[in-house]
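One structure is given here, and the rest of the page talks about it.
The numbers here are math on the coordinates, done by the rules we state, and not lab data. These numbers come from a predicted model, not from an experiment. Glycine gets a Cβ as well: all are built from the backbone with ideal geometry, and neighbour counts include every protein chain shown.
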């Protein structure tokens, strides 16, 4: 599935393209009918099967592109920027569906994406390529552990701290930043902590850092 190249005929309904793909891939009619009903139900586009593609929303078109790639039940599904430009609700629907598909059928899914939400939601292993060179291969957590800078923790408390401990910076009366690299324990009473999050361990920051670096030829 290529996000910038459509299989769907612009002035025809998606069903026409899917029937054509059924013939190209020699999918048995009964198998086609059952599988198509499952795919459209899971992706919430059953009612749009006979609507001309030009009248569909971007999210609906992307879902039908995905169905086109799956109609012959491939062993490996290749996705290029599968959620580019679509709304949050459609993204969540596609993530849930692909997770279920991988879990239930063991289909291998290989995707390329600049959207870190795709990676966080779907990837069990990642490879990072910069200037044509592979600079990392491993798990998403391994990528964070290897390239995240010194940890800064964002702490939310139920009340303002009366005294500000060393290596703690006040954002406002309930938000504080803690330099975790300089401390072995959190210098705030646990009973007043509502939440703790690592601020600089997200993939957006790490990939921005990696892609800003030149790679030696």
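Below is a table of values for the structure above.
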read-out: Centroid-to-centroid separation of the range 35-51 and the range 125-172 [C-alpha atoms, Å]; value: 40
read-out: Ascending count of other beta-carbon atoms within 10 Å, so fewest first, for 26, 133; value: 26, 133
read-out: Overall form of the range 126-170 per C-alpha gyration tensor (a/c, 1.5; a/b vs b/c); value: prolate
read-out: Ordering of 97-107, 12-22 by packing [mean C-beta count within 10 Å, highest first]; value: 12-22, 97-107
read-out: Cα-based helix-to-principal-axis angle, 88-105 vs the chain, degrees rounded to 10; value: 70
read-out: Relative contact order computed over the chain (Cα-Cα under 8 Å; 6+ residues apart), in percent; value: 15
read-out: Along each principal axis, Cα extent of the chain, largest first, Å; value: 71, 47, 31
read-out: Relative contact order (percent, whole number), the range 81-144, Cα cutoff 8 Å, 6+ residue spacing; value: 26
read-out: Relative contact order (%) - the range 1-113, alpha-carbon pairs under 8 angstrom, separation at least six; value: 34
